[in-house]
Amino acid sequence: MSPTGTMRTPQILATLVSGALFGFGLALSTMISPEVVLSFLRFRDFGLALVLGGAVVVTLLAYQLAPRLMRRPWLGGHFAVRPSAIDRDTMAGAAVFGIGWGLCGVCPGPAIAGLGAGNLPLWVALAGIAAGAYLQGWLADRRGGIAGPMG
């Protein structure tokens, strides 16, 4: 990002290409199909374990190796370690997310990718995700806390 906080053209293009690649990967792995996800969560189909495991390995390598091999990120800025805490709110959020994922087989990334593939019933799941995100932000504001990464 530039000093004013706006994205430059290379960053916008990198974001669009990354998002398209991510969505394509979710579609190719069939993770955009709630039925496939629910089959995985019921331990009937372990294909998504390879997808999730591969994603974890690639992310782990990128987070560990990129700061060691590069002085700065390609598109500017700097590498940073972000503090994380496992507290009551994190555990409650994880539980609600897991229950929702287990009931309907949908999480945000695959839901958006599924819309692009024509799975229009996912609008219902996305409405629930948006309502939950809004509620979390509203509760955090009432407590005077941080609303999350966006706020």
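The values are calculated or read from the model by the stated rules, or taken from the named source; none is laboratory data. From a predicted model like this one, the values you see are computed outputs, not experimental measurements. Don't worry about glycine lacking a Cβ; one is built from the backbone with ideal geometry, like all the others, and counts go over all protein chains shown.
Annotation for the stretch 70-87: no member residue is charged (D, E, K, R), outside any loop (DSSP other than H, G, I, E, B) and more than 16 Å from the chain's Cα centre (by Cα).
Quick grid of which residues meet (1) loosely packed, with under 12 Cβ neighbours inside 10 Å; (2) touching a residue at least 24 places away in the same chain (Cβ under 8 Å); (3) touching a Cys at 6+ places or on another chain (Cβ under 9 Å); (4) small (G, A, S):
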| position | (1), (2), (3), (4) |
| --- | --- |
| L21 | yes, no, no, no |
| I32 | no, yes, no, no |
| E35 | yes, yes, no, no |
| L52 | no, no, no, no |
| L69 | yes, no, no, no |
| P83 | yes, no, no, no |
| D87 | yes, no, no, no |
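Just one of the numbered conditions (1) within 25 Å of M7 (Cα to Cα); (2) at pLDDT below 90; (3) among the hydroxyl-bearing types (S, T, Y) is not true of T59: (2).
Here T15, T6 are screened, and the one residue that is of a type in the set (S, T, Y), surrounded by 11 or more Cβ atoms within 10 Å (Cβ to Cβ) and free of Cβ contacts under 8 Å to residues at least 40 places away in the same chain is T15. When restricted to residues that are over 13 Å from L126 (Cβ atoms) and either over 16 Å from the mean Cα position of the chain (by Cα) or of a type in the set (A, V, I, L, M) (or both), the stretch 88-115 contains 10.
Residues checked against (1) modelled with pLDDT under 85; (2) closer than 30 Å to L13 by Cβ; (3) among the charged types (D, E, K, R):
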| residue | (1), (2), (3) |
| --- | --- |
| G77 | yes, yes, no |
| G105 | no, no, no |
| G109 | no, yes, no |
| A117 | yes, yes, no |
| I129 | no, yes, no |
| Q136 | yes, no, no |
| P149 | yes, yes, no |
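Every condition in (1) over 24 Å from Q136 (Cα atoms); (2) hydrophobic (A, V, I, L, M, F, W, C); (3) over 16 Å from the mean Cα position of the chain (by Cα); (4) surrounded by 15 or more Cβ atoms within 10 Å (Cβ to Cβ) is met by L26 except one, and the failing one is (3). Restricting L41, L52, L60 to those that are over 29 Å from A131 (Cβ atoms) and among the aliphatic types (A, V, I, L, M) reduces the list to L60. Across the stretch 120-142, what is the total count of residues that are exposed (fewer than 15 other Cβ atoms within 10 Å of the Cβ) and under 17 Å from A27 (Cα atoms)? So the answer is 3. Checked across the stretch 99-122, the condition of being more than 19 Å from G19 (Cβ to Cβ), small (G, A, S) and in a helix (DSSP H, G or I) holds for at least one residue.
Beta carbons closer than 9 Å, at least 6 apart along the sequence or on distinct chains, pair a first residue in the stretch 96-119 that is at positive phi and crowded, with 17+ Cβ neighbours inside 10 Å with a second that is among the small types (G, A, S) and at pLDDT 85 or above for G105/S33; G105/S39; G105/A125.
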